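Here, each number is a calculation from the coordinates, and none is a lab measurement. Nothing here was measured: the structure is a model prediction, and the numbers come from that model. Here the Cβ positions follow ideal geometry from the backbone for every residue, glycine too, while neighbour counts run over all protein chains shown.
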Amino acid sequence: MATTSDMAPNRRKTTTATTPPQSTKPPLTREEELEAQVHQLQNDLKAITDTLGKLTGEKMGEARSLATTEMKHLQAKGQQMLGEAQDQAGEMEKQIKDTIREKPLTAVAAAAGVGFVLALLTRH
């Protein structure tokens with residue numbers, strides 16, 4: 001069987017390892033390499049900061065929306081509880097008025113007793 005060199009006898013043999021083309025730039029010093037790395041780190045940190053800012057803004061919007069929803073829910077619950085308390089107070093007032101109508105002398109005596117006790121308690 002014929003080898004490659006037999007087929008093209010005038011062709012130069014090339015080595016298997018190729019050398020990279022020579023750069024026209026002089027090699028960087030350690031300080032220049034460090035400066036380049038620091039510059040790249042600064043760019044990376046800026047990109048991370050921008051991304052975190054966007055994420056924080058999104059999360060703040062979500063938190064604000066959740067807080068607003070919860071506040072409205074709590075306001076509605078508070079209004080409901082206030083209405084229930086007012087209904088109970090109205091019912092108690094009605095019961096007291098009914099009791100006074102049914103037993104006026106007992107109500108006057110109870111009021112006088114409560115007034116007497118309060119007068120004793122506030123006396124110096």
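When restricted to residues that are in a loop (DSSP other than H, G, I, E, B) and hydrophobic (A, V, I, L, M, F, W, C), the range 107-124 contains 0. Could you list, in sequence order, the residues of the range 79-106 that are assigned to a helix (DSSP H, G or I), surrounded by 10 or more Cβ atoms within 10 Å (Cβ to Cβ) and over 55 Å from the mean Cα position of the chain (by Cα)? Selection gives T99, I100, P104, T106.
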